[in-house]
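The values are calculated or read from the model by the stated rules, or taken from the named source; none is laboratory data. Just so it is clear, the structure is predicted and the values come from calculations on it, not from any experiment. Virtual Cβ from ideal backbone geometry, glycine too; neighbours counted across all protein chains shown.
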Amino acid sequence: MRVQKVVTSGTFHLDGGEWEVDNNVWLLGDDEQVLVIDAAHDAAAIAEAVGGREVLAIACTHAHDDHVNAAPELAELTGAPVLLHPADDVLWRLAHDEDRPADTLSDGDVLRVGGAEIRVLHTPGHAPGAVCFHVPDLGVVFTGDTLFQGGPGATGRSYSDFPTIVDSIRGKLLTLPADTVVHTGHGDDTTIGAEAPHLEEWLARGH
């Protein structure tokens, strides 16, 4: 089992704004099977990184368009289903008028790839259907935009809420082992232990 990062670039649109962004697309698998986490911007580049492996699913941490804009095309290229928490349907519809996710994700679900278990953690706040994917055997968690190096994800736009994201991080992520590596939706990796003090700093500043 291995984790591979593909960085893709494009735009994020919400609330009438547009921002240039670089996204981390994560491939989790072995030489035969792979799970794609967040199909962002460039389906062809993601498919090239997948190579000849079977894509078991395209799992979305949330449905902001910079994380799902390449999902339908990648699903067509690979035949893999797109998985999304249903609470993010409102955001998915902003990105895609017609295509729908093939199946849903729920808190406590277990996905499997290459013999490893991936546990789904519902972590609303940045988005109502935001989820993280914890892989205990590898000591990693994929947090999308829920937790970054330096603190929680943004909550200043529609369908987001700061107290909710703090509760999600405290209740679902800070309970993981401190040495768990955090693979984020943008930027560099961190660890759960490194981010615990940042959460308290945010609370102390009254964000």
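Here is a check on your reading of the model: is THR123 surrounded by fewer than 18 Cβ atoms within 10 Å (Cβ to Cβ), under 15 Å from ALA59 (Cα atoms) and in contact with a helix residue (DSSP H, G or I) (Cβ under 6 Å, 6 or more places away or on another chain)?
For THR123, the condition - surrounded by fewer than 18 Cβ atoms within 10 Å (Cβ to Cβ), under 15 Å from ALA59 (Cα atoms) and in contact with a helix residue (DSSP H, G or I) (Cβ under 6 Å, 6 or more places away or on another chain) - is not met.
Please report, ordered by residue number, the strands (runs of 3 or more DSSP E) entirely within the range 121-207 with at least 3 residues that are modelled with pLDDT of 95 or more and touching a Cys at 6+ places or on another chain (Cβ under 8 Å).
Those strands (runs of 3 or more DSSP E) span 140-144.
Might you let me know whether the range 58-67 holds any residue that is over 20 Å from PHE148 (Cβ atoms) and either over 14 Å from the mean Cα position of the chain (by Cα) or surrounded by 20 or more Cβ atoms within 10 Å (Cβ to Cβ) (or both)?
The answer is yes, given that some residue of the range 58-67 is over 20 Å from PHE148 (Cβ atoms) and either over 14 Å from the mean Cα position of the chain (by Cα) or surrounded by 20 or more Cβ atoms within 10 Å (Cβ to Cβ) (or both).
Which number in (1) closer than 17 Å to ALA127 by Cα; (2) at pLDDT below 95 marks the one condition that ALA63 misses?
So the condition that ALA63 fails would be (2).
Restricted to the range 79-101, and to residues that are under 26 Å from GLY51 (Cβ atoms) and in contact with a Leu (Cβ under 7 Å, 6 or more places away or on another chain), which residue is surrounded by the most Cβ atoms within 10 Å (Cβ to Cβ)?
Looking at residues that are under 26 Å from GLY51 (Cβ atoms) and in contact with a Leu (Cβ under 7 Å, 6 or more places away or on another chain), I get LEU84.
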